[in-house]
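The values are calculated or read from the model by the stated rules, or taken from the named source; none is laboratory data. Quantities reported herein were computed from a predicted structural model and do not represent experimental measurements. Positions of Cβ are generated from backbone atoms using ideal geometry, with glycine treated the same way; all protein chains shown enter the neighbour counts. SASA here: full protein model, heavy atoms, side chains in, ligands and nucleic acids out. Shrake-Rupley method; radii C 1.70, N 1.55, O 1.52, S 1.80 Å.
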Amino acid sequence: MLTEDHCRDQHEEERRSEGMMTGTVRLASLVTAGLATSGCFIYATQSWDPNDFGVVRIGRAVLTTAAVTCDYLITLRNTPPATQEYDFLKSEVHARSARRLLDLCCSNRGTYIKVGQHLGALKYLLPPEYTSTLSVLHSRAPSTPLPDVLHIIQEELGKKTSELFVQFEETPLGAASLAQVHRAVLWDGRMVAVKVQHPKVRQQSSRDIMIMEVLLRIVKKVFPQFEFMWLVEEAKKNLPRELDFLNEARNAEKMADMVRKFPFLKIPKIHWDISTERVLVMEYVQGGQANDLDYMKRNNIDVDKVSQALGKLYSEMIFVHGFVHCDPHPGNVLVRQTEDSRSPEIILLDHGLYQELTDDFRLNYCHLWKALIAADMDGVCKYSQHLGAGDLYPLFACMLTARSWDSVNRGIDQGPVSTEEAQEIRSNAAAYLPQISQLLASVPRQMLLLLKTNDLLRGIETTLGTNANASSFLCMSRCCVQAIARHHRKTASSLWSYTYISISEWLRLGQLQLYELFLWAHSSSLGQRLIYLVHWISHSLY
């Protein structure tokens, strides 16, 4: 957990490395805290913290924004752009600014950590100095003291914890931006996971978003080329949903029903009778994080099967159903080896954030990915523009695939990302930040969470070493074919049209199946022996 001691260590490190500017911000923040303690509203919980006062939170956000803005203006003002010195200085400012933002998120918690996690996940959209620094927020959010947790449970359920559970573990299994999870045992012996909302996050969230919106508008006045209002707009829309745990429970059950055909997927069952908007009790399921290679090796879990299962699951969500779990960071995607099967099981947690895609958006997205996989540049241009990319469609294609434009032109299924290409992508993300900001401001709001989802899934695949394999592209192609055919059948004007669409779908899926068999034959030893046997028989006959 990211504790207050950890935050104090960060204060000391930044004070040593960033000089007088950061020291001034710290001093002003402490003065603000001193003023706040003299007469501000204290929330009715078991404990209080100066960091929860509105004046302190607002003052810290304002001062951090001012420090970051001034750093960019002062450091880069006398250096010509597109020079080696400029790139070096800009990288240093990025690193300092990222540490300041991490410190702000760590101190203000709640909504700030949620937004920081979002930024940390955008690895192909933001400079690496930001994503590498902010990504720690996915697994190190601060936790709520136990007395506050017990107070919320009693307040929500009307009973003491000892009346509800025979055992309740004091140390949380994990803490996130909006809540933390404790393991407990019901009186009938069933083990459960109890998700409890942080006490002040609901009251603070609307004010936090308002302050972020004001500050970003001011930053946009200073740097007109940067557009990050989409970040606040998404937070404003999604946070109320995520703060309603009953909505999360409904999403979990809807997803479990929607993809019940996948035997590898496990979604914990909800205990509705002891769940509320702020307390969610669900089945406890144990597993290792999807990016934990050591855990995979210890438990003989096939990482390729894990990657294939995730690809199937998310392709089905995005292309077929248009109902997408949008927070697949490693802490929410667990893996375990089932006792009765040699295949791994995926455990999907945290169903608070879903994106529902309109049919028009979903079908254009299907056509775009079909074009990307087939290296159909006319199709890439056409459907990217349908999705709001305009003349920036080459950049849009690179962002979606996390590949260079040369790779997109050759075909993204022709080979994995090389080390040189990965470095090129990183460099371009920093160089094209204004264009990326412009693009994010122009595409439909549905696209923003999909970009975040893509990046989180790629992060898992990169760690497992399975990214950009042929099976994932085949799975996406299969789902795209099924989704488009299903749409055309709905609008078929005659029985003949309906039959023709179904036959075309069957033939196309058959081609993909044959291609998958061909790839298997060339990659497996058994397949190579079969190919050798067929050649031998052919030579014998002729």
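Of note:
- Compactness index (Cα Rg / 2.2 N^0.38 Å), the stretch 150-256: 1.43
- Quotient of the Cα radius of gyration of the stretch 51-174 and 2.2 N^0.38 Å, N being its number of residues: 1.46.
- One compactness figure for the stretch 215-306 is 1.61, namely its Cα radius of gyration divided by 2.2 N^0.38 Å.
- Using the Cβ of Asp327 as centre and a radius below 13 Å, the other residues enclosed give a net charge of -2, where K and R count +1 and D and E count -1.
- Given Lys159/Lys195; Lys382/Lys452; Lys266/Lys382; Lys200/Lys236, the pairs whose alpha carbons are separated by over 28 Å: Lys266/Lys382
- Shown is the FRET efficiency for Leu293 and Tyr500, computed with R0 = 51 Å from the Cβ-Cβ distance and rounded to the nearest 0.05: 0.60.
- For Ser206, the accessible area of its heavy atoms, probed at 1.4 Å with every protein chain present, is near 80 square angstrom.
- Translational diffusion coefficient (Stokes-Einstein; Kirkwood radius from C-alpha pairs) of the stretch 248-300 at 37 °C, 0.692 mPa s, in µm²/s: 249
- Two-decimal Rg/Rh across the stretch 307-392, once Rg and the Kirkwood Rh are taken from alpha-carbon atoms: 1.08
- Projecting the alpha carbon convex hull of the stretch 105-162 along each direction and taking the average yields 5.0 nm².
- The trypsin sites (Lys or Arg not before Pro) of the stretch 217-293 meeting both criteria, a DSSP state outside H, G, I, E and B (loop) and at most 10 other C-beta atoms within 10 angstrom of the site's C-beta, are Arg260, Lys261.
- Spatial extent of the stretch 317-357: Rg and Dmax, with the Cα atoms as the point set, Å: 12.5, 36
- Counting only heavy atoms of the protein chains and using a 1.4 Å probe, Ile425 has close to 20 Å² of accessible surface.
- Sparsely packed loop sites in the stretch 334-437 (the chymotrypsin sites (Phe, Trp or Tyr not before Pro) outside DSSP H, G, I, E and B with at most 10 other Cβ atoms within 10 Å) do not occur.
- Only protein heavy atoms count here; under a 1.4 Å probe, Thr466 has an accessible surface of about 10 Å².
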